[in-house]
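A short write-up of the structure that comes next.
The values are calculated or read from the model by the stated rules, or taken from the named source; none is laboratory data. For clarity, every value in this text was computed on a predicted model and none was experimentally measured. So basically every Cβ, Gly included, is an ideal-geometry build from the backbone, and we count neighbours across all protein chains shown. What goes into the accessible areas is simple: the full protein's heavy atoms, side chains included, and nothing from ligands, DNA or RNA. Shrake-Rupley method; radii C 1.70, N 1.55, O 1.52, S 1.80 Å.
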Amino acid sequence: MRIPFVAGNWKMNKTIAETRDLLSALLPTLSGIDGVERVVCPPYPALMTASELVAGRGVGLGAQDMHWEEKGAFTGEVAPGMVGELCGYVILGHSERRAYFGETDETVNKKLLAAQKAGLTPIVCIGETLAQYEAGETAKVVSSQTRLGLQGVSAEFAPTIVVAYEPVWAIGTGKASSAENAQGVHGGVIRPVLKELFGAETAQSIRILYGGSVTAANAAEFFSQPDIDGALVGGASLKPEDFISIVRAAQK
Ligand code: PEP
C-alpha cells in the first residue's frame, strides 16, 4: 500500500511573517489529517521559522532545491547538509529550475545522489513541455527524464524517492491535465520505467504524484486513479482551505 503524499510548493512566495501566518492557518487542521504524508515547501529564508512551527505537528518540511556539493565556493547555493538541518524533503528538477536556471537531467541526478547521502526524501519532478506534448513526445521525454534522473541510486534508497509528473503546460496555467491522461503517463510510462530500473516490488512502492493546476475541485478525480499517489501543488498550496481540501481528498 502506497501512503498518499501531498506537497505544497510555495515557490518564491511568503516572507517569514507570511509563512508564520500561512502555517497558523494550515497547521491546526493539517496536523489532524491521518493517512496522508503532507509536506510544505516554503522559500529558504522561511525554513527556520517553518521548522519550529511544524515540529511535532505531523507535517513535513521541504526545500525547493539544493546544490549537490557538501560545501565550498558556490555563492548563492545551499548544501544538502544545510537543508537536512531543517528539512526532511527536497524538491529536485522542478520545471521552473529546468527552464530558467539551467537544471538538467544530469544535475538532477547529482542532486538526487546527494539527497541519498544526506538522508533527504527527494521529490523528483519530470514532465514534458507544451511543444513536446503537441509533438506526441510525452512518453519519450518522461521516460528519458526518469531514467537519467534516477540512475545510480541504491536499492535501499529507491523506494523512498517520490516522483512528481508535472506536464509543463499544466503548471500555473489553470489547464490541468485530464486525470486519464495523467494516469496513462504514470501507469503506462513512469511505473514501467521504475520497474526496469528497480524491479517490480520497488516500482510498486514508489509514490508518483501529479502536479499542474491541482485544485480543491479536481484533486479527488486525480486521486481516484490507481497510479496517482498524491499531488505536488503550487498555487492552491498558498490557500489554506484549498490545500487542506486537497490533502483530505488524498485520504484513501
Ligand atoms: C508546481 O509548482 O509544482 C505546480 C504544480 O504549480 P501549480 O499547482 O500552481 O500548477
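Is the C-alpha gyration tensor of the range 148-244 telling us rounded, prolate or oblate? Criteria: a/c under 1.5 is rounded; beyond that, a/b larger than b/c is prolate, otherwise oblate. Here the range 148-244 falls in the prolate category. Taking Lys and Arg as +1 and Asp and Glu as -1, the other residues whose beta-carbon sits under 14 Å from that of Phe223 total 0. Residues Met82, Met12, ordered by accessible area of protein heavy atoms at a 1.4 angstrom probe radius and largest first, appear as Met12, Met82.
Loop-located chymotrypsin sites (Phe, Trp or Tyr not before Pro) in the range 98-207 (DSSP state not H, G, I, E or B) with no more than 10 neighbouring Cβ atoms inside 10 Å: Phe101.
Solvent-accessible surface of the chain, averaged per residue with a 1.4 angstrom probe and all protein chains in place: 43 square angstrom. Fraction of C-alpha pairs exceeding 22 angstrom in the range 5-239: 49 percent, rounded to a whole number.
Remark on Arg207: its backbone amide H falls under 5 Å from those of Val163, a criterion applied only to residues 5 or more positions apart or on other chains, H modelled at 1.01 Å from N. Restricting the range 151-215 to GluC sites (Glu not before Pro) that sit in a DSSP loop and have at most 13 other Cβ atoms within 10 Å of their own Cβ leaves Glu156. Couplings 3J(HN,Hα) for the range 207-220, derived from phi with the Karplus relation 6.51 cos²θ - 1.76 cosθ + 1.60 (θ = phi - 60°), are 6, 10, 8, 9, x, x, 6, 6, 10, 4, 7, 9, 4, 4 Hz, where x marks Gly and Pro. Summing charges over neighbours of Ile3, with a neighbour being any other residue whose Cβ is under 14 Å away from its Cβ, gives +1 when K and R count +1 and D and E count -1. Between amide H atoms placed 1.01 Å from N, distances below 5 Å from Gly8 occur with Val39, Val40, Cys41, Val233, all of them 5 or more places distant or on a separate chain.
The string of couplings for the range 25-32 from the Karplus curve (6.51, -1.76, 1.60, θ = phi - 60°) is 6, 7, 5, x, 8, 4, 4, x Hz, one whole number per residue in order, with x for Gly and Pro. Normalising the average separation of contacting C-alpha pairs (under 8 angstrom, six or more residues apart) by the number of residues puts the relative contact order of the chain at 22 percent. Pairs of lysines in the range 54-203 whose Cα atoms sit within less than 21 Å of one another amount to 4, provided the residues are eight or more positions apart or on different chains. Summing Lys and Arg as +1 and Asp and Glu as -1 over all other residues whose Cβ lies under 14 Å from the Cβ of Gly35 gives a net charge of +2. Our note on the geometry: Cα centres of the range 150-201 and the range 1-56, 23 Å apart. Taken about its Cα centre, the chain carries a charge dipole of about 200 debye when Lys and Arg each add +1 at the Cβ and Asp and Glu each add -1 at the Cβ. Along the range 147-158 the Karplus relation, 6.51 cos²θ - 1.76 cosθ + 1.60 evaluated at θ = phi - 60°, assigns HN-Hα couplings of 4, 6, x, 9, 6, x, 7, 6, 4, 6, 7, 3 Hz to successive residues, with x for each Gly and Pro.
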